[in-house]
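Here's the structure, in C-alpha cells; my notes come after.
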Amino acid sequence: MEFNLNNPIAERKTKTVYRDENKTIKLFVENYSKAGILNEALIQSRVEENTDLHISKLLAVTKIENRWALVTEYIEGTPLDKLMAEHPEREEEYLNFFVDIQLDVLSKKVHLLNRIKDKYKRQLTDATNIENNTKYELLQRLEGMKNHDKLCHGDFNPSNVIVKENGEYSIIDWSHATQGNAAADVANTFLIFSIEGKSNLADKYVNLYCEKTGEYKKEIQRWIPIVAAIRKAKGKEEEQDFLSHWINIVDFE
Ligand SMILES: Nc1ncnc2c1ncn2[C@@H]1O[C@H](COP(=O)(O)OP(=O)(O)O)[C@@H](O)[C@H]1O
Ligand SMILES: [Mg+2]
C-alpha cells in the first residue's frame, strides 16, 4: 500500500506521525525495535478486541522503506490538551470529562495484557540509574500492593484523548496499557501533569478522581515514588532531577 507522507502531524525522537486522509501513519526511526512495534500493535489489538472503548482502530503494521509503521484510523478532532490550553475557563468541565473517560477505561478488563506489577518489577529491577537501596525499598512496596485487573492505559493524559466536533472522543496511544491497580494509573497521570509544570491541575485531578470514586488520596500517593522511578529509568535527561524529587518522597505521612 502506498502512503502519502506529506502531512506530518507530530514529530518525536523515535517517530513521525503523518495523516493520510482518514489514516494515521506512525513511522518509526530505522533502528527502532521490531519487538517494540509489534508489542504496541498487539496491545492495541487486545484492547480493541476485548472492549467497546472508543479507540482509533489499528489498520496495518507495515514497512515503508526500511522503517516500521503502524497505520491507524485518523480521528478528526482536537486533542484535549489543546482544548484545555485554548479554553482555560472550561478547565473544570474538561477535567470532569477527562476523569470520566479514565474511569470508563478502568472499568474494563483485558486479561491478556501484562500485569502492571510484573511490568514495573521488571523495569525497576533493570533500572541502572536508581540507587540500590531505593530500588529495594520500592520493589518491596510494589510487592505489597494489591493485585487488581483493571485496564490501565499507562499514558493517560489529555494529549491522548481526541475530541471530535460532535463531542464524541477517541483514546489513542495504547502502547503502555496493562492490567492492574487503578491507583497506579492515576499516580502516573498525576506525574505527567506535574512534569508538564501543571501541579495545580495535577492536584485538582487527583482530588476529583478521589471524589468520584471514594478512593483515599493516600492510595494514589503510595504509587507516586514507584511510577516516578519507572519513568526515571527511561532516562529522559530533562526529567531526571524532577523525578528524583518524587522518588524521594517515599512517605507522605
Ligand atoms: N489516530 C489518530 N488520530 C488523530 N491524531 C492522532 C492519531 N494518532 C496520533 N495522533 C496525533 O499524533 C500525536 C502523537 O501520537 P501518539 O500516538 O500519541 O504518540 P506519542 O507517543 O508521541 O504521544 C497525538 O498526540 C495526536 O495529536
Ligand atoms: Mg500520545
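State yes or no: is LYS146 more than 16 Å from ligand 2 (Cβ to nearest atom), crowded, with 18+ Cβ neighbours inside 10 Å and in contact (Cβ under 8 Å) with a residue 12 or more places away in the chain? Considered against the rule, which asks whether it is more than 16 Å from ligand 2 (Cβ to nearest atom), crowded, with 18+ Cβ neighbours inside 10 Å and in contact (Cβ under 8 Å) with a residue 12 or more places away in the chain, LYS146 comes out as no. Looking only at region 215-231, decide whether some residue is among the small types (Gly, Ala, Ser) and within 30 Å of TYR74 (Cβ to Cβ). There is no residue in region 215-231 that is among the small types (Gly, Ala, Ser) and within 30 Å of TYR74 (Cβ to Cβ). Checked against the criterion of being within 16 Å of ligand 1 (Cβ to nearest atom) and surrounded by 13 or more Cβ atoms within 10 Å (Cβ to Cβ), the candidates THR72, THR51 yield just one match: THR72.
Here's the yes/no breakdown for (1) of a type outside the set (Asp, Glu); (2) under 19 Å from TYR74 (Cα atoms):
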position	(1), (2)
VAL17	yes, yes
THR24	yes, yes
GLY36	yes, no
GLU40	no, yes
GLU49	no, yes
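Per the listing LEU106, LEU112, the residue uniquely assigned by TED's automatic domain parsing to the domain that holds GLU196 and touching a strand residue (DSSP E or B) at 6+ places or on another chain (Cβ under 6 Å) is LEU106. Pairing residues of region 1-14 that are under 18 Å from ASN160 (Cα atoms) with residues that are surrounded by 11 or more Cβ atoms within 10 Å (Cβ to Cβ) and not hydrophobic (A, V, I, L, M, F, W, C), at Cβ distances under 7 Å and at least 6 apart in sequence or on separate chains, gives PRO8/THR16; PRO8/TYR18; ILE9/TYR18; ILE9/ARG19; THR14/TYR32. Against the conditions (1) surrounded by 15 or more Cβ atoms within 10 Å (Cβ to Cβ); (2) within 16 Å of ligand 2 (Cβ to nearest atom), LYS121 satisfies every one except (2). Which condition number does LYS82 fail, the rest of (1) under 21 Å from VAL227 (Cα atoms); (2) within 15 Å of ligand 2 (Cβ to nearest atom); (3) in a helix (DSSP H, G or I) being met? It is condition (1) that LYS82 fails.
The values are calculated or read from the model by the stated rules, or taken from the named source; none is laboratory data. What you see is a predicted model; the values in this text were computed from it and never measured. No Cβ is skipped: glycine too gets one built from the backbone with ideal geometry, and neighbour counts run over all protein chains shown.
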